[in-house]
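First the structure, then my questions, so here it is.
The values are calculated or read from the model by the stated rules, or taken from the named source; none is laboratory data. As the structure is a prediction and not an experimental result, all values here were calculated from the model. Positions of Cβ are backbone-derived with ideal geometry, glycine not excepted, and every protein chain shown enters the neighbour counts.
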Amino acid sequence: MSSRLLSYFFKGGEVVDQSGRRYEDVAVSDGMIVKQPTDDAIEIDISGCVMSAGLVDLSVNFGEPGFEDVECVDSGSRAAARGGFTAVLNSSDTFPVLDCPSMLAEAELLFAKSICEMRASATITVGGKGLSLAPLRELSTKGVRWFSDRGAIENKSLLRNAMEYSLSGSVISVRPRSGSLNVNGAMHEGKWSAILGLPGEPSVSETSEVAAIIDLAHVTGARVHLDRISAAESVQLLREAKRNGVEITSSVTIQHLMFTDSDCAAYDPMYRAEPPYRSDEDRKALILGVEDRTIDIVVSDHRPATAEAKELPFDKSAKGAAGIEATAALLMGSCGLELEVVLDALSWRPAKVAGFVNHGNLVRPGNVANLTVLNPKASWKFQASEQVSRGRNNPYFEKILTGRVIHTIYRGELVVTDSEVVV
Amino acid sequence: MADRERRMTPPFGGVFVATSTILDQAQVHRALTRISHEIIEKNRGLDNIVLVALQTGGVQVAEHIAQLLFEIEGVDVPTGTIDVALYRDDIGLRPVMPEAETTIPVDLTAKTVVLVDDVLFTGRTIRAALDALNDFGRPRAVQLAVVIDRGHRELPIRPDFVGKNLPTRREEVVDVNPEGVLLGVMRK
Amino acid sequence: MMKHLLELEELDLEGIQAILQLTDRFVEVGERAIPKVPALRGKTVANMFFEDSTRTRLSFDVAAKRLSADVLTFSASSSSLNKGESIRDSVETLEAMGINAIVVRHSSSGVPQQISRWVNEGISVINAGDGWHAHPTQGLLDAYTVCEHFRGPAGPAASLQGLHVGLVGDILHSRVARSDIQAYTALGATVTLIAPPTLLPADISTWPVRVSQDLDQVLPTLDVLGLLRVQRERMAEGSIGSMREYIEEFSLTQRRVKLLSDTAVITHPGPVVRGVEVTGSVLDEYPRVLKNRQVSNGVAVRMAVLFLLLGSGAELV
């Protein structure tokens with residue numbers, strides 16, 4: 001990075017933010033959005049494109065510490081930037097997990113390599129094992145806002161304690177999943193698991209927990225978030241809860257808006273995930289949930305895996321996809337959603353919910369320049385060779401997508417130009 | 001016509017179009033009668049003779065010969081059939097399916113087997129038949145009777161009893177059926 | 001040209017009938033003094049059995065040898081898999097040694113499919129049983145044996161039209177059940193599944209079968225009673241109550257066997273767990289048990305499959 005940032009003048013684009021849409025040129029200087037371009041500002045033509053606040057991803061795993069063979073902060077953050085993200089929240093299930101201030105300190109050192117804003121989330125329980133509480137209050141004072149065990153927390157008493165014990169301002173994020181209703185499911189339990197002869201995880205293992213967690217959130221008044229829902233009934237339960245005034249947020253992964261259990265028909269481990277991809281009815285209900293804002297946030301849930309881990313038998317293979325570079329494109333072009341809904345789900349709400357104060361704001365002078373330039377109509381092929389992430393488990397390779405990230409500006413620096421990382 | 005004949009002649013597969021008649025029904029009957037007498041003469045009677053027809057072209061020919069042998073000598077010669085698909089040396093090179101039955105009614109050890117086929121061409125089918133016969137016992141001798149010998153041998157195989165020698169071009173096809181023997185070509 | 005045999009859904013009726021017709025030929029070969037033909041001479045078949053199975057492995061072994069093919073046996077317990085070599089690596093090692101077919105058995109569903117995506121052009125993959133999913137040669141040999149008993153040799157148009165088959169036992173975990181259902185229904189038989197609700201797959205509403213929990217009611221209507229194994233582990237898992245309860249409702253006891261018609265036959269893929277799916281003495285005394293015929297036909301069916309994939313050069317629809 002240079003000692004003095006360059007200035008830019010983005011001309012010809014349409015600005016889309018919380019206050020509406022307008023054709024406006026945007027000037028950036030010294031890390032901020034400014035009223036007038038400086039004399040040495042580099043002019044960049046973005047006609048036909050949309051200028052938006054930078055995108056924010058609340059669920060990524062960039063491998064460090066512990067899984068450096070698969071991804072690291074460097075490659076992960078570059079992948080995020082290429083995907084239009086200026087801020088990400090790293091998952092707590094590193095190795096070792098992030099459950100104490102010393103791990104937090106180490107993480108923050110690692111995050112310095114990132115070319116987007118990177119924050120840590122911590123586990124709710126020690127080691128993520130669901131047995132005893134991690135030092136939530138101390139971690140909060142050190143700056144952690146988001147707490148999540150990646151897996152289920154069976155002990156409801158413990159979960160309730162976490163909700164009551166945590167400092168105000170903390171978000172308790174829970175993956176609604178029963179530990180005992182799973183039976184080691186490898187995919188959604190239904191028509192397809194019967195045909196394929198694979199153990200199934202029924203929707204009820206999620207929905208029974210959603211109901212319980214909503215109740216706890218209501219009773220404790222804590223700031224609770226449902227992490228990665230997958231079933232139609234979960235969306236319905238959330239809709240009712242919100243109508244009754246319960247303050248609760250939720251996220252869905254982009255993969256769950258794209259895939260269903262029928263995609264497992266060829267036993268391709270690329271389609272093994274946690275939670276599993278469910279039926280097409282579930283998928284459609286999830287998209288509707290994003291559309292009517294019942295579901296607040298869409299995440300990439302970027303989980304890189306080695307080729308070998310995805311070449312194991314289906315029921316033993318690694319779960320998840322490394323799709324952060326395609327997430328925005330897919331949400332723009334493949335889900336039938338209005339651009340405002342897309343930006344709300346990928347930028348405005350995640351920034352607000354997770355406390356990224358310099359992101360997801362109005363595009364106007366005085367705000368920090370964390371911006372993304374998107375072309376919602378561009379058609380392009382996602383080439384495996386051009387991918388920046390090291391993860392080989394990308395189900396979008398060689399697919400033609402509509403909607404593309406063109407430029408990404410992080411703190412006033414142009415980190416992605418013409419869809420390629422340039423720093 | 002024998003599937004085999006069709007399969008072995010370019011353009012492999014297609015429709016048979018006759019160009020001339022080689023033998024009519026009466027002539028075939030006379031030829032087979034002569035062959036039957038020759039079999040009896042060469043073997044000094046029909047003791048220990050077993051007719052084995054090659055599927056599918058030799059089956060009706062063998063039935064005809066068995067009938068004639070009975071009329072001439074009053075002996076019911078045991079008759080079997082053999083499908084040599086599993087013994088061919090060109091397995092995997094072109095479609096080969098053992099579609100027809102193999103039934104050998106007696107142990108062939110010490111017997112004289114007379115293989116019967118409609119057309120003798122490259123000789124590979126007969127070679128396969130000789131291999132197959134070995135799996136049913138050890139014959140004392142094997143002789144070969146065919147209605148037509150059309151030349152183009154690729155192996156040192158020769159018939160003992162021949163209805164007619166017929167020089168042909170490679171791409172021509174010989175069809176032996178109950179009405180007679182036809183010469184023609186395959187058209188795709 | 002059909003390259004692999006992974007599941008019976010891939011075959012249509014003509015395809016299944018072609019295999020069964022070919023099986024007639026190989027049954028005949030098996031009855032000869034020298035039950036061997038040179039059809040697959042020079043070809044090599046690799047048996048990759050990641051799950052223990054003596055019967056199926058031996059059956060494929062004999063089938064390959066009767067076709068004069070060479071056999072390589074790769075068994076997981078003694079292999080480099082334990083040293084961390086992946087399945088894919090093992091497959092590539094075998095390929096480098098020069099093989100024409102891989103016969104795979106694995107405890108995880110879908111492994112034969114995955115292997116079929118990794119092998120080079122020209123190598124056939126045959127599923128010898130994957131997880132709960134499929135056991136295609138078992139389905140074929142069961143159908144062939146039933147056809148042979150009721151209708152005679154398969155011929156070019158084998159059919160089980162008009163026959164009623166009942167499958168009893170742990171359907172959920174049974175790949176034999178799934179392949180049997182495919183084979184029997186493709187050939188026109190009616191199939192009824194009899195099992196407690198917890199031993200049936202979650203959603204079989206689209207399957208071409210009937211379901212019943214009343215074995216006594218179904219037995220007199222059956223031409224074929226297919227017994228499936230029930231493992232004791234299901235009790236520990238909570239899928240069924242006590243063993244006594246299971247036997248009361250679903251086992252073929254001395255009392256129940258009298259309900260069968262006097263032409264009905266019993267099939268079992270083996271090995272039999274005497275006392276659970278059937279009372280031992282019942283199996284010994286019943287006059288129409290096809291278990292042994294299933295085993296000998298199994299070799300012929302597997303010869304037919306190997307010949308079709310490696311030798312015939314035929315189009316299999």
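Going residue by residue through the range B:64-87, is there one that turns out to be closer than 29 Å to B:Met186 by Cα, away from every other protein chain (no Cβ under 14 Å) and small (Gly, Ala, Ser)?
So far as the range B:64-87 goes, no, none of its residues is closer than 29 Å to B:Met186 by Cα, away from every other protein chain (no Cβ under 14 Å) and small (Gly, Ala, Ser).
A further question follows. Please list, ordered by residue number, the strands (runs of 3 or more DSSP E) wholly in the range C:1-108 having 3 or more residues that are in contact (Cβ under 8 Å) with a residue 40 or more places away in the chain and over 25 Å from B:Glu99 (Cα atoms). Don't jump to the end; show me each part of the working.
Numbers: elements: C:44-49, C:70-75, C:101-106.
Output list reads C:44-49, C:101-106.
Among the numbered conditions (1) within 14 Å of chain B (Cβ to nearest Cβ); (2) in contact with an Asp or Glu (Cβ under 7 Å, 6 or more places away or on another chain), tell me where C:Glu31 comes up short.
Unmet condition: (2).
Follow-up question, since we're still on this one. If you check every pair at least six apart or on different chains, which have Cβ atoms under 8 Å apart with a residue in the range B:131-158 that is within 14 Å of chain C (Cβ to nearest Cβ) first and a residue that is hydroxyl-bearing (Ser, Thr, Tyr) and not in a strand (DSSP E or B) second?
That search, which allows pairs on different chains as well, returns B:Asp131/B:Tyr87; B:Ala132/B:Tyr87; B:Ala132/B:Thr102; B:Gly137/B:Thr109; B:Arg138/B:Thr109; B:Pro139/B:Thr109.
Evaluate the following for A:Glu308: is it of a type outside the set (Lys, Arg), within 14 Å of chain C (Cβ to nearest Cβ), surrounded by fewer than 23 Cβ atoms within 10 Å (Cβ to Cβ) and without any contact (Cβ under 8 Å) to a residue 24 or more places away in the chain?
On the way: of a type outside the set (Lys, Arg): yes; within 14 Å of chain C (Cβ to nearest Cβ): yes; surrounded by fewer than 23 Cβ atoms within 10 Å (Cβ to Cβ): yes; without any contact (Cβ under 8 Å) to a residue 24 or more places away in the chain: yes.
Yes: the conditions hold for A:Glu308.
For the range A:363-371, does any single residue satisfy the condition of being outside the structural domain of A:Ala318 (by TED's automatic domain parsing) and within 19 Å of the chain's Cα centre (by Cα)?
Yes; the residues of the range A:363-371 include at least one that is outside the structural domain of A:Ala318 (by TED's automatic domain parsing) and within 19 Å of the chain's Cα centre (by Cα).
Would you check if there is a residue in the range A:66-84 being of a type in the set (Asp, Glu), buried (at least 21 other Cβ atoms within 10 Å of the Cβ) and either touching a strand residue (DSSP E or B) at 6+ places or on another chain (Cβ under 9 Å) or without any contact (Cβ under 8 Å) to a residue 60 or more places away in the chain (or both)?
Taking the range A:66-84 and keeping what is of a type in the set (Asp, Glu), we get A:68-69, A:71, A:74.
Among the residues that remain, those that are also buried (at least 21 other Cβ atoms within 10 Å of the Cβ) are: A:71.
Going one step further and asking which of them are either touching a strand residue (DSSP E or B) at 6+ places or on another chain (Cβ under 9 Å) or without any contact (Cβ under 8 Å) to a residue 60 or more places away in the chain (or both), we end up with A:71.
Yes: the range A:66-84 contains one or more residues that are of a type in the set (Asp, Glu), buried (at least 21 other Cβ atoms within 10 Å of the Cβ) and either touching a strand residue (DSSP E or B) at 6+ places or on another chain (Cβ under 9 Å) or without any contact (Cβ under 8 Å) to a residue 60 or more places away in the chain (or both).
Hey, can you tell me all the residues within the range A:336-362 that are surrounded by 21 or more Cβ atoms within 10 Å (Cβ to Cβ) and assigned to a loop (DSSP other than H, G, I, E, B)?
Within the range A:336-362, A:Phe356, A:His359, A:Gly360, A:Asn361 meet the criteria.
Please specify each residue of the range A:14-45 satisfying the condition of being under 26 Å from the mean Cα position of the chain (by Cα) and either under 17 Å from A:Leu343 (Cβ atoms) or in a loop (DSSP other than H, G, I, E, B) (or both).
Pass one, the range A:14-45, residues under 26 Å from the mean Cα position of the chain (by Cα): A:14-21, A:31-33.
Correct list: A:Glu14, A:Val15, A:Val16, A:Asp17, A:Gln18, A:Ser19, A:Gly20, A:Arg21, A:Gly31, A:Ile33.
If C:Asp203 passes every condition in (1) more than 14 Å from chain A (Cβ to nearest Cβ); (2) in contact with a Lys or Arg (Cβ under 8 Å, 6 or more places away or on another chain); (3) surrounded by fewer than 20 Cβ atoms within 10 Å (Cβ to Cβ) but one, which one does it miss?
Evaluating C:Asp203 over (1) more than 14 Å from chain A (Cβ to nearest Cβ); (2) in contact with a Lys or Arg (Cβ under 8 Å, 6 or more places away or on another chain); (3) surrounded by fewer than 20 Cβ atoms within 10 Å (Cβ to Cβ) leaves (1) as the failure.
What do you reckon, is C:Val301 more than 30 Å from C:Gln213 (Cβ to Cβ) and either surrounded by fewer than 17 Cβ atoms within 10 Å (Cβ to Cβ) or in the same structural domain as C:Arg25 (by TED's automatic domain parsing) (or both)?
yes
Separate question: Taking the range C:158-171 as the search range and keeping residues that are assigned to a loop (DSSP other than H, G, I, E, B) and in contact with a Leu (Cβ under 6 Å, 6 or more places away or on another chain), which one is farthest from the other protein chains (Cβ to nearest Cβ)?
Keep residues of the range C:158-171 that are assigned to a loop (DSSP other than H, G, I, E, B), which gives C:158-163, C:169-171.
Pick out the ones that are also in contact with a Leu (Cβ under 6 Å, 6 or more places away or on another chain) and you get C:158-160, C:169-171.
On the way: C:Ala158: 14, C:Ser159: 18, C:Leu160: 22, C:Gly169: 15, C:Asp170: 12, C:Ile171: 10 Å.
Among those that are assigned to a loop (DSSP other than H, G, I, E, B) and in contact with a Leu (Cβ under 6 Å, 6 or more places away or on another chain), it is C:Leu160.
Go over the candidates A:Gly130, A:Gly143, A:Gly169 one by one and state the one that is surrounded by 17 or more Cβ atoms within 10 Å (Cβ to Cβ) and in contact with a helix residue (DSSP H, G or I) (Cβ under 9 Å, 6 or more places away or on another chain). Working first, answer last.
Numbers: A:Gly143 fails: surrounded by 17 or more Cβ atoms within 10 Å (Cβ to Cβ); A:Gly169 fails: surrounded by 17 or more Cβ atoms within 10 Å (Cβ to Cβ).
Sole residue among the options that is surrounded by 17 or more Cβ atoms within 10 Å (Cβ to Cβ) and in contact with a helix residue (DSSP H, G or I) (Cβ under 9 Å, 6 or more places away or on another chain): A:Gly130.
Name the residue that is surrounded by the fewest Cβ atoms within 10 Å (Cβ to Cβ), counting only residues in the range B:27-61 that are in a loop (DSSP other than H, G, I, E, B) and in contact (Cβ under 8 Å) with a residue 24 or more places away in the chain.
By that ranking, first place goes to B:Gly45.
In the range C:40-57, which residue that is more than 14 Å from chain B (Cβ to nearest Cβ) and among the basic types (Lys, Arg) is surrounded by the most Cβ atoms within 10 Å (Cβ to Cβ)?
So in the range C:40-57, the residues more than 14 Å from chain B (Cβ to nearest Cβ) come out as C:45-57.
Right, trim to among the basic types (Lys, Arg) and you get C:55, C:57.
Working: C:Arg55: 12, C:Arg57: 19.
Among those residues, the one meeting the criterion is C:Arg57.
Checking A:Thr253 against (1) of a type in the set (S, T, N, Q); (2) within 14 Å of another protein chain (Cβ to nearest Cβ); (3) within 29 Å of A:Met51 (Cβ to Cβ): exactly one of these is not met. Which one?
Every listed condition holds for A:Thr253 apart from (2).
How do the strands (runs of 3 or more DSSP E) wholly within the range B:84-188 filter down when requiring 2 or more residues that are within 26 Å of C:Ala39 (Cα to Cα) and hydrophobic (A, V, I, L, M, F, W, C): which remain? Steps first, answer last, please.
Values: elements: B:112-120, B:141-149, B:161-165, B:172-177, B:180-187.
Hits in the range B:84-188: B:112-120, B:141-149.
So, of the residues in the range C:94-137 that are closer than 21 Å to C:Pro269 by Cβ, within 13 Å of another protein chain (Cβ to nearest Cβ) and hydrophobic (A, V, I, L, M, F, W, C), which turns out to be farthest from the chain's Cα centre (by Cα)?
Ranking the candidates gives C:Val111 first.
Another question about this same structure. Restricting to the range A:196-218, give me the number of residues that are touching a residue at least 40 places away in the same chain (Cβ under 8 Å), aliphatic (A, V, I, L, M) and more than 11 Å from chain C (Cβ to nearest Cβ).
Looking only at that region, the number is 4.
Here is a follow-up. Would you confirm whether any residue within the range A:272-285 is over 30 Å from C:Val111 (Cβ atoms) and away from chain C (no Cβ under 14 Å)?
yes
Right, next: C:Ser174 is checked against (1) more than 12 Å from the chain's Cα centre (by Cα); (2) within 14 Å of chain A (Cβ to nearest Cβ); (3) among the hydroxyl-bearing types (Ser, Thr, Tyr) and fails just one. What number does that condition carry?
Just one mismatch for C:Ser174, condition (1).
While we're here: On the basis of being more than 23 Å from the chain's Cα centre (by Cα) and within 14 Å of chain B (Cβ to nearest Cβ), does C:Val37 make the cut?
It is true that C:Val37 is more than 23 Å from the chain's Cα centre (by Cα) and within 14 Å of chain B (Cβ to nearest Cβ).
Then there is this: Against the definition (polar (S, T, N, Q) and within 14 Å of chain C (Cβ to nearest Cβ)), how does A:Ser193 come out, yes or no?
On the way: polar (S, T, N, Q): yes; within 14 Å of chain C (Cβ to nearest Cβ): yes.
Yes: the conditions hold for A:Ser193.
Okay, next question. Evaluate the following for B:Thr33: is it within 14 Å of another protein chain (Cβ to nearest Cβ) and hydroxyl-bearing (Ser, Thr, Tyr)?
Numbers: within 14 Å of another protein chain (Cβ to nearest Cβ): no; hydroxyl-bearing (Ser, Thr, Tyr): yes.
Answer is no for this residue.
Consider A:Leu109 carefully, then state whether it is farther than 23 Å from A:Val219 by Cα and surrounded by fewer than 16 Cβ atoms within 10 Å (Cβ to Cβ). It would help to see each step written out before you state the result.
Working: farther than 23 Å from A:Val219 by Cα: yes; surrounded by fewer than 16 Cβ atoms within 10 Å (Cβ to Cβ): yes.
Yes: the conditions hold for A:Leu109.
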